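Taking it in order: structure first as structure tokens, then the write-up.
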Amino acid sequence: AQSVTQLDSQVPVFEEAPVELRCNYSSSVSVYLFWYVQYPNQGLQLLLKYLSGSTLVESINGFEAEFNKSQTSFHLRKPSVHISDTAEYFCAVRSRVIQGAQKLVFGQGTRLTINP
Amino acid sequence: DAGVTQSPTHLIKTRGQQVTLRCSPKSGHDTVSWYQQALGQGPQFIFQYYEEEERQRGNFPDRFSGHQFPNYSSELNVNALLLGDSALYLCASSLRVTNTEAFFGQGTRLTVV
């Protein structure tokens, strides 16, 4: 079984400031890791994913996340945020076992609010 | 590619009624999963369909049922609606053999009154 904990339910920051959204997970099997973003009244969009290889993964809009196996974390960071980054961010895990559980297990979400 | 499409976008039902939500997966995908997202919460897994069979189920009562058609599209049915069933219902599609990424639809907002 897997579980995901997002340590901050809300994160307010000023525009152009750096931000870190924290995510820790627990799993008895090896997992893939994801960050999804949800804008108001919309579905989920994949922001970035860690499958294998380099533990630092990047998105096209400046976000990055680092997989830390020893700390079972997958924190999301951006060096300079914009008003348009205001959204709900969800960390999720999925088992790597193809024939096993393919469901995504989500955290409770972090609401990122960017203030001008 | 239209991506994952869900219908309807919004729905209002009365307690005790039944509802059917529909999902068309992304082109080339063969697996459909359904999630319930209550207000202010993360999505919760309901069940997953592959080859027209329910393959995995989350902690939801039997009032929640589903179906997958030969063209991979899917329906979610909820019977005897409760006020607590009010939520955003999300459909996600993926390719089972790779199992690396799920694409989500825009969701159906169900309100039970």
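For this structure, a couple of remarks:
- Checked against the criteria, B:Val78 counts as open to solvent by less than 10 Å² (accessible area, probe 1.4 Å), in contact (Cβ under 8 Å) with a residue 24 or more places away in the chain and in contact with a helix residue (DSSP H, G or I) (Cβ under 9 Å, 6 or more places away or on another chain).
- Looking across the range A:96-116, the residues that are open to solvent by 30 Å² or more (accessible area, probe 1.4 Å) and either in contact with an Asp or Glu (Cβ under 8 Å, 6 or more places away or on another chain) or in a strand (DSSP E or B) (or both) come down to A:Arg111, A:Thr113, A:Asn115, A:Pro116.
- When the residues of the range B:98-113 are filtered to those that are touching a residue at least 12 places away in the same chain (Cβ under 8 Å) and exposed (fewer than 15 other Cβ atoms within 10 Å of the Cβ), the one that is farthest from the other protein chains (Cβ to nearest Cβ) is B:Val113.
- All of A:Val4, A:Val93, A:Val57 fail the test of being without any contact (Cβ under 8 Å) to a residue 12 or more places away in the chain, assigned to a strand (DSSP E or B) and closer than 26 Å to B:Val4 by Cβ, apart from A:Val57.
- Considering each residue of the range A:44-53 in turn, none proves to be in a strand (DSSP E or B), more than 14 Å from every other protein chain (Cβ to nearest Cβ) and either out of contact with any His (no Cβ under 9 Å at 6 or more places or on another chain) or surrounded by fewer than 15 Cβ atoms within 10 Å (Cβ to Cβ) (or both).
- Unique match (being within 14 Å of another protein chain (Cβ to nearest Cβ), over 18 Å from A:Val105 (Cβ atoms) and either open to solvent by less than 30 Å² (accessible area, probe 1.4 Å) or not in a strand (DSSP E or B) (or both)) among B:Leu88, B:Leu39: B:Leu39
- Pick from the range B:42-74, criterion surrounded by 14 or more Cβ atoms within 10 Å (Cβ to Cβ) and assigned to a loop (DSSP other than H, G, I, E, B), ranking: farthest from the other protein chains (Cβ to nearest Cβ): B:Ser73
- Residue ID - surrounded by the most Cβ atoms within 10 Å (Cβ to Cβ), chosen from residues in the range A:1-41 that are within 23 Å of B:Gln56 (Cβ to Cβ) and of a type in the set (Val, Ile, Thr): A:Val4
- Single unsatisfied condition, A:Thr72 versus (1) buried (at least 19 other Cβ atoms within 10 Å of the Cβ); (2) closer than 16 Å to A:Arg22 by Cβ; (3) among the polar types (S, T, N, Q): (1)
- Within the range B:5-31, being modelled with pLDDT of 95 or more, open to solvent by less than 40 Å² (accessible area, probe 1.4 Å) and more than 18 Å from B:Val112 (Cα to Cα) holds for B:Gln6, B:Cys23, B:Pro25.
- Figure legend. Inter-residue proximity from the range B:1-23: first residues under 15 Å from B:Phe103 (Cα atoms), second residues part of a loop (DSSP other than H, G, I, E, B) and aliphatic (A, V, I, L, M), beta-carbon distance below 8 Å, spacing 6+ or different chains. Indicated pairs: B:Cys23/B:Val4.
The values are calculated or read from the model by the stated rules, or taken from the named source; none is laboratory data. Owing to the predicted nature of the structure, the values given are computational and were not obtained by experimental measurement. In this analysis, Cβ positions are derived from the backbone assuming ideal geometry, glycine residues included, and neighbour counts consider all displayed protein chains. Accessible surface is based on the protein model in full, side chains and every heavy atom, while ligands, DNA and RNA are left aside. Shrake-Rupley method; radii C 1.70, N 1.55, O 1.52, S 1.80 Å.
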